[in-house]
Amino acid sequence: MSTHDPDCIFCKIIAGQIPSKKVYEDEDLFVFHDIHPWAPVHFLMVPKTHIASMAQLTPEHERLMGRMMVLAPKLALEQGCNPYPDGGFRMVCNTGTEGGQEVRHLHVHIMGGPRPWLRG
């Protein structure tokens, strides 16, 4: 597993080679606003290590993925999503071509805010 792909747009964003509107950063994760938001709140959470997709996860990634799942609700509230149960947010992680993945770097979309953006 490579820690960086020089051709990956998300690796370039993490490295600061492409500007982004950062939401959060720590030693393992980089979180930034989506440039084409689908919802009033829409940001992406990506591991700093280049992992192509969910399909490439191994047991060594359990801690990382757990951290992402625990951090998502905190950041969603901080970014303007309303609290559960009346509020909330959606998490989407597309995997592979048939799963709709466009950038080959594992990422989770966190989306929320007042409807009607949510369909289906």
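The values are calculated or read from the model by the stated rules, or taken from the named source; none is laboratory data. Just so it is clear, the structure is predicted and the values come from calculations on it, not from any experiment. Please note: Cβ atoms are built from the backbone with ideal geometry, for glycine as well, and neighbour counts cover all protein chains shown.
Among the residues making up the stretch 47-89, a single one is touching a Phe, Trp or Tyr at 6+ places or on another chain (Cβ under 7 Å) and over 15 Å from residue 110 (Cα atoms): 48. Of 9, 13, all but one fail to be hydrophobic (A, V, I, L, M, F, W, C), at pLDDT 95 or above and crowded, with 17+ Cβ neighbours inside 10 Å; the exception is 13. Looking only at residues of the stretch 107-120 that are surrounded by 15 or more Cβ atoms within 10 Å (Cβ to Cβ) and not in a strand (DSSP E or B), we find that the one that is modelled with the lowest pLDDT is 117.
Scanning the stretch 28-43 turns up at least one residue that is loosely packed, with under 15 Cβ neighbours inside 10 Å, at pLDDT 95 or above and farther than 18 Å from residue 89 by Cβ. In summary, strands (runs of 3 or more DSSP E) completely within the stretch 1-100 and bearing 1 or more residues that are touching a residue at least 40 places away in the same chain (Cβ under 8 Å) and closer than 19 Å to residue 115 by Cα occur at 41-47, 89-92. Of all the numbered requirements in (1) exposed (fewer than 14 other Cβ atoms within 10 Å of the Cβ); (2) over 19 Å from residue 3 (Cβ atoms); (3) among the acidic types (Asp, Glu); (4) at pLDDT 95 or above, residue 86 misses one, and that requirement is (4).
Go through 67, 104, 63 for me and flag whichever is within 19 Å of residue 3 (Cα to Cα), among the basic types (Lys, Arg), more than 13 Å from the chain's Cα centre (by Cα) and at pLDDT 95 or above.
Working: 67 fails: more than 13 Å from the chain's Cα centre (by Cα); 104 fails: more than 13 Å from the chain's Cα centre (by Cα).
So the residue among 67, 104, 63 that is within 19 Å of residue 3 (Cα to Cα), among the basic types (Lys, Arg), more than 13 Å from the chain's Cα centre (by Cα) and at pLDDT 95 or above is 63.
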